[in-house]
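Participant: Supplied in structure tokens, the structure appears directly below.
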Amino acid sequence: MKTIAILGSTGSIGTQTLDIVRKEKDICVSALSAGKNIDLLEAQVREFKPYLCSCEDESDAGELRTRLADTDTRIVSGMEGLIETATEPHAQVLVTGIVGMIGIRPTIAAIKAGKDIALANKETLVCAGHIIMPLAKECGVRILPVDSEHSAIFQSLNGEPKERLEKILLTASGGPFRGKTRAELENMSLEDALKHPNWSMGRKVTIDSASLCNKGLEVMEAKWLFDVDLDSICVLIHPQSIVHSAVQYVDGAIMAQLGAPDMKLPIQYALYYPDRRPMDINRVDLFELGSLTFEKPDTDTFPGLKLAYESCRIGGSMPTVFNAANEAAVKMLIEGRIRFVQIPEIISSCMEKHKVILSPDVDDILNVEKEVKAFAEALL
């Protein structure tokens, strides 16, 4: 019996993780955390009976304590609550399904506590990869990727010597705006950006997919996760979302992982690695599919990807600037305060303003986040 804790249990990754727990019946859940959705969190606590659950605000925690007074689950809140969730003693694996840099401190705490990390929180490696990866090695902890692309790379590397890797082929669907011109993007709304053709994801990731900023974050994540040079990561637009990513080796061989676009596959693979379990998801019918196509990304129309590469080359605190500025811009779009095309403009302005810190610690990273988001607000 395996025991897990989940950061972000009411979000897309968290709810799908719990779907797997329901089906497999050989995983216990010892701790859950969520943001504001305390109705769903209450239902999850009653179903999975964790020792601990955490929510964002103490006021919500108080409400949950009243509602769950008939249970044995302890209710906590805030950053301390997230860290308690991440380090809950019974858990062997922490699933980091939380969105944003708020996931960095709990992930570090979990690694120090000896937990394996099923990683779905991009910001952890984008902003703190130089801290996370050496710490995981020092503590003997496995970082198991949950993103479909990084899971595909992880699977394609399985059993092969890493030094024989020549190139990572990181695929992207192109999102709902693939093939559109800059002029056409001027008229695209929030609702348009949320109409992803293949994947069902949270709003933030769906908008990032539309702008290709998500792929830029994944490039930075892959650099740390697989310890490769930035120049060996190549992004391909693959509209069918069947090839989830691939690895090219020094002899020219390409190993790829293919499958239907369903996040439960990489989540389950991370939970049971190196085992594979049967899954009741759609199978890819290659006869029906007929063809798979690949295109170069249009970084002139979608400059977010180009800015991500630039921030990663600069290094230090600049990836944090890219991430924080993008988070701020997406929030403004959701609130109706900017247009979709302004997202990369805000990121670029924030990068130009920033004075790089070469080797930021966690406090530096979180301070840069605050400064960048304040500057992004001032731009309006």
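Participant: Would you point out which residue out of 299, 293, 320 is under 21 Å from the mean Cα position of the chain (by Cα) and on the phi < 0 side of the Ramachandran plot? Working first, answer last.
Facilitator: Working: 299 fails: under 21 Å from the mean Cα position of the chain (by Cα); 293 fails: under 21 Å from the mean Cα position of the chain (by Cα).
Matching residue, one of 299, 293, 320: 320.
Participant: If you don't mind, another one. Output the qualifying pairs, or none if there are none: Cβ atoms under 8 angstrom, residues six or more apart or on different chains, first residue in region 257-284 and without any contact (Cβ under 8 Å) to a residue 24 or more places away in the chain, second residue surrounded by 12 or more Cβ atoms within 10 Å (Cβ to Cβ) and of a type in the set (A, V, I, L, M, F, W, C).
Facilitator: 262/281; 279/265; 281/260; 281/265; 282/260; 283/260
Participant: Is there a residue in region 82-98 that is within 20 Å of residue 320 (Cβ to Cβ), at pLDDT 95 or above and assigned to a helix (DSSP H, G or I)? So that I can check it myself, show each step before the final result.
Facilitator: At the first step, the residues of region 82-98 found to be within 20 Å of residue 320 (Cβ to Cβ) are 82, 96, 98.
Adding the requirement that they be at pLDDT 95 or above leaves 82, 96.
From what is left, the residues that are assigned to a helix (DSSP H, G or I) are 82.
Yes - at least one qualifying residue is present in region 82-98.
Participant: When you go through 154, 48 one by one, which is the residue that is at pLDDT 95 or above, among the aromatic types (Phe, Trp, Tyr) and not assigned by TED's automatic domain parsing to the domain that holds residue 246?
Facilitator: Testing whether each residue is at pLDDT 95 or above, among the aromatic types (Phe, Trp, Tyr) and not assigned by TED's automatic domain parsing to the domain that holds residue 246 leaves just 48.
Participant: Here is a follow-up. May I ask you to say which residue of 288, 327, 295 is of a type in the set (D, E, K, R) and closer than 20 Å to residue 374 by Cα?
Facilitator: 327
Participant: Another question about this same structure. Out of curiosity, is residue 246 in a helix (DSSP H, G or I), within 20 Å of residue 146 (Cα to Cα) and of a type in the set (Gly, Ala, Ser)?
Facilitator: No; evaluated as a whole, the condition is false for this residue.
Participant: Now for a separate question. Among residues belonging to region 62-81 that are of a type outside the set (Gly, Ala, Ser) and either touching a Phe, Trp or Tyr at 6+ places or on another chain (Cβ under 6 Å) or not in a helix (DSSP H, G or I) (or both), point out the one that is surrounded by the fewest Cβ atoms within 10 Å (Cβ to Cβ). Give the derivation first.
Facilitator: Going residue by residue through region 62-81, those that are of a type outside the set (Gly, Ala, Ser) are 63-68, 70-76, 79-80.
This time we only want the ones that are either touching a Phe, Trp or Tyr at 6+ places or on another chain (Cβ under 6 Å) or not in a helix (DSSP H, G or I) (or both), so: 68, 70-76.
Working: 68: 18, 70: 6, 71: 15, 72: 8, 73: 18, 74: 16, 75: 24, 76: 20.
That would be 70.
Participant: Is it true that residue 293 is loosely packed, with under 15 Cβ neighbours inside 10 Å and either assigned to a loop (DSSP other than H, G, I, E, B) or of a type in the set (Asp, Glu) (or both)?
Facilitator: So residue 293 fits the description; yes.
Participant: Here's a check for you: in region 93-108, which residue that is under 10 Å from the mean Cα position of the chain (by Cα) and not small (Gly, Ala, Ser) is farthest from residue 28 (Cα to Cα)?
Facilitator: That would be 99.
Participant: Residues being under 15 Å from residue 125 (Cβ atoms) and in contact with a helix residue (DSSP H, G or I) (Cβ under 6 Å, 6 or more places away or on another chain): count how many of those fall in region 226-250.
Facilitator: Going through region 226-250 one residue at a time, the tally reaches 2.
Participant: Being part of a loop (DSSP other than H, G, I, E, B) and either under 16 Å from the mean Cα position of the chain (by Cα) or within 30 Å of residue 136 (Cα to Cα) (or both) narrows it down to one residue among 219, 228; which is it?
Facilitator: So the residue among 219, 228 that is part of a loop (DSSP other than H, G, I, E, B) and either under 16 Å from the mean Cα position of the chain (by Cα) or within 30 Å of residue 136 (Cα to Cα) (or both) is 228.
Participant: May I ask you to list pairs of residues, at least six apart or on different chains, whose Cβ atoms are under 7 Å apart, with the first in region 43-58 being closer than 17 Å to residue 106 by Cβ and the second being surrounded by 14 or more Cβ atoms within 10 Å (Cβ to Cβ) and among the acidic types (Asp, Glu)?
Facilitator: 51/88; 52/84; 52/88; 54/84
Participant: Looking only at residues that are within 14 Å of residue 330 (Cα to Cα) and among the small types (Gly, Ala, Ser) in region 186-203, which one is modelled with the lowest pLDDT?
Facilitator: Within region 186-203, the match that is modelled with the lowest pLDDT is 202.
Participant: Which condition breaks for residue 260 when tested against (1) over 22 Å from residue 214 (Cα atoms); (2) part of a loop (DSSP other than H, G, I, E, B); (3) of a type in the set (A, V, I, L, M)?
Facilitator: (1)
Participant: Sort out which residues of region 319-332 are of a type outside the set (Gly, Ala, Ser) and buried (at least 24 other Cβ atoms within 10 Å of the Cβ), and write them in order of number.
Facilitator: 319, 320, 321, 322, 323, 326, 330
Participant: In region 101-134, which residue that is in a loop (DSSP other than H, G, I, E, B) and among the hydrophobic types (A, V, I, L, M, F, W, C) is modelled with the highest pLDDT?
Facilitator: Filtering region 101-134 for residues that are in a loop (DSSP other than H, G, I, E, B) and among the hydrophobic types (A, V, I, L, M, F, W, C), the one modelled with the highest pLDDT comes out as 113.
Participant: Also, quick follow-up: Which helices (runs of 4 or more DSSP H) does region 135-204 wholly contain that include 2 or more residues that are out of contact with any helix residue (DSSP H, G or I) (no Cβ under 8 Å at 6 or more places or on another chain)?
Facilitator: Working: elements: 148-157, 182-185, 190-193.
Of the helices (runs of 4 or more DSSP H) lying wholly inside region 135-204, those with at least 2 residues that are out of contact with any helix residue (DSSP H, G or I) (no Cβ under 8 Å at 6 or more places or on another chain) span 148-157, 182-185.
The values are calculated or read from the model by the stated rules, or taken from the named source; none is laboratory data. Because the structure is predicted, anything quoted here is derived from the model rather than measured. Glycine gets a Cβ as well: all are built from the backbone with ideal geometry, and neighbour counts include every protein chain shown.
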